[in-house]
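Taking it in order: structure first as structure tokens, then the write-up.
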Amino acid sequence: MAEFSTIYKLSVIAFIGFIQACSCTCPVMECWFVQEKPGRGGGLTGATTQEKSLLHIRTDAHSETAETQRAPADINPSRVYVITDPAATLCHPSLNPPRGSIKKPQCEINPFLPQPSSLKWVASLTESALSPIYLQADWFSGSFQGLDEQLGISTISRAPSGTKEHDVILSITSKTMSAKSRLGDPVTLDCSFWVDPSNPLSASGFAVEWRYQTRGDGRLVLAYDGKMDRLADTHEQGASLDFEALHERGNASLLLEEAKVRHSGTYICTVYLPYLLAQVTMDLQIIEPPSLSIHPSPLPLAVPGQTLNIQCEASGFAPLPLELSWEFKGADGKSRSLGSGSVSGHRQAWDGTYSQSTRLELDTSKLDLGRGGEVTCVAVHAGGTRRASVTLNVIGFSSPSIEDSMAMVGVALVLYGLIKFVSWTFTGSGSNEAEGQDKKEK
């Protein structure tokens with residue numbers, strides 16, 4: 001019975017593996033091969049050239065490829081390559097759209113020159129002054145972006161000199177190419193890497209580095225020497241790695257404890273091996289919708305012809321811009337725009353969030369506001385639309401409604417009846433007194 005159970009489990013595992021293998025088709029990708037022209041002398045570097053190339057992706061160096069299919073006429077046969085990726089990272093569905101699809105994944109490959117790094121958290125990987133014979137080959141870096149920014153991949157591949165068959169040695173992947181977060185929430189920027197365990201460089205350790213840059217401003221967020229198990233002293237407060245997941249699964253994701261406005265920008269995750277590096281970039285945007293308040297609230301009673309000044313304050317939002325406007329909803333339930341009012345310039349608070357206000361002059365004689373209604377301040381922002389409302393009551397309106405007319409008639413009838421009752425009462429008592437006086441005289 002135990003033997004049957006084991007066979008059953010192995011059969012299930014084999015079936016799952018078969019399904020996964022069938023559902024994971026490696027693509028044939030058109031790619032740009034970009035390299036620099038030889039310098040013109042004087043240490044100057046010439047312009048870059050780019051040629052179309054074709055990449056046949058496979059997961060096993062011994063598997064069949066579609067290389068025999070004819071390359072498009074606009075691709076030079078010398079730019080047709082076979083890429084062996086044992087991790088199957090390049091076989092992701094976002095890199096393999098349906099045939100005839102208009103959208104295509106983005107791809108670029110470049111010649112790569114292995115060299116040691118002088119960074120403190122990387123230097124331990126190349127303590128030996130000798131370069132291994134393994135580096136004597138053709139090296140290439142590849143950059144791939146899946147459809148709809150689902151995935152970003154960077155690879156370092158090696159090819160024996162003069163051949164067109166590349167083996168992926170290092171790949172780095174991110175599933176958060178464009179991330180968004182609310183202010184104060186924890187953020188995870190995805191970054192994972194894979195190293196070919198058969199290459200001799202893998203035994204010398206690795207290093208991970210996260211950098212931030214935006215509008216020309218850059219800073220080191222975090223750096224970790226995996227060989228020495230040492231974190232750089234300059235790491236940013238509130239930023240960390242899951243070191244257990246890093247060593248066990250190659251999960252180098254950056255963890256931000258609390259999102260702040262200053263975290264918006266571009267992040268670069270770089271993984272170092274001895275003489276090699278690969279990196280992916282991703283964008284993080286901190287989006288916080290505004291909080292609205294209206295002053296005065298509640299509004300004072302208004303009379304026809306009076307002008308009220310109402311101010312709406314939008315605060316604590318990021319990023320810019322913000323659109324402010326006013327709406328009025330009458331007693332009949334119909335809404336109409338009152339325009340944007342007088343909008344102030346934006347102001348920035350200590351935490352990087354912004355505030356802005358708009359002032360509305362509400363002229364009850366010109367705007368046909370009737371007996372009043374609901375005045376609403378509307379703020380349209382990337383984080384969503386926000387509304388704040390106050391009630392406007394107009395008294396002494398010149399054209400009473402049917403309900404008001406009926407109420408006035410009712411009041412008049414009540415007053416008329418009361419007057420009649422009082423009149424009858426006094427008239428009746430006066431007659432009785434006169435009759436009594438006459439009887440006494442007689």
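The values are calculated or read from the model by the stated rules, or taken from the named source; none is laboratory data. All values derive from a computational prediction rather than experimental measurement. Note that we place each Cβ from the backbone using ideal geometry, even for glycine, and neighbour counts take in every protein chain shown. Ligands, DNA and RNA are excluded from the accessible area calculation, which covers all protein heavy atoms including side chains. Shrake-Rupley method; radii C 1.70, N 1.55, O 1.52, S 1.80 Å.
Taking packing as the residue-averaged number of other Cβ atoms within 10 angstrom, the listed peptides 144-154, 242-252, 293-303 run from highest to lowest as 144-154, 242-252, 293-303.
On full extension of the chain, what length is gained from GLU149 through ARG387, given 0.36 nm per residue of separation minus the C-alpha to C-alpha distance? Present the calculation step by step, with values, prior to reporting the outcome.
Working: separation 238, 0.36 × 238 = 85.68 nm, distance 3.27 nm.
Computed gain between GLU149 and ARG387 is 82.4 nm.
Once you have the Cα-Cα distance between GLU127 and ALA349, take 0.36 nm times their residue separation minus that, and quote the gain in nm to one decimal. Don't skip to the end; give the middle numbers.
Working: separation 222, 0.36 × 222 = 79.92 nm, distance 4.80 nm.
Computed gain between GLU127 and ALA349 is 75.1 nm.
Partner aspartates and glutamates whose Cα lies under 14 Å from the Cα of LYS175, excluding those fewer than 8 positions away in the same chain, are identified as ASP148, GLU149, ASP190, ASP283. Ranking TRP121, TRP424, TRP139 by solvent-accessible area of protein heavy atoms (1.4 Å probe, all protein chains present), from largest to smallest, gives TRP424, TRP121, TRP139. One Cα centroid belongs to region 193-272, the other to region 289-313; the line between them spans 51 Å. The residue list SER157, ALA123, VAL187 was ranked by how far each Cα lies along the charge dipole of region 120-209 toward its positive end, using unit charges on Cβ atoms, and VAL187 comes out on top.
Our summary gives region 184-297 a relative contact order of 30 percent, counting only alpha carbon pairs under 8 angstrom and 6 or more residues apart.
Express in nm, to one decimal, how much length is gained between ASP283 and THR266 on full extension, taking 0.36 nm for each residue of separation and deducting their alpha carbon distance. Can you show the working numbers first?
On the way: separation 17, 0.36 × 17 = 6.12 nm, distance 0.45 nm.
Between ASP283 and THR266, full extension yields an extra 5.7 nm.
Extending 7 Å from Cα along the Cβ direction at SER204 and again at HIS62 yields two label points whose distance is 3.0 nm.
The fraction of accessible area contributed by carbon and sulfur in region 226-380 is 47 percent, rounded to a whole number (1.4 Å probe; ligands and nucleic acids excluded).
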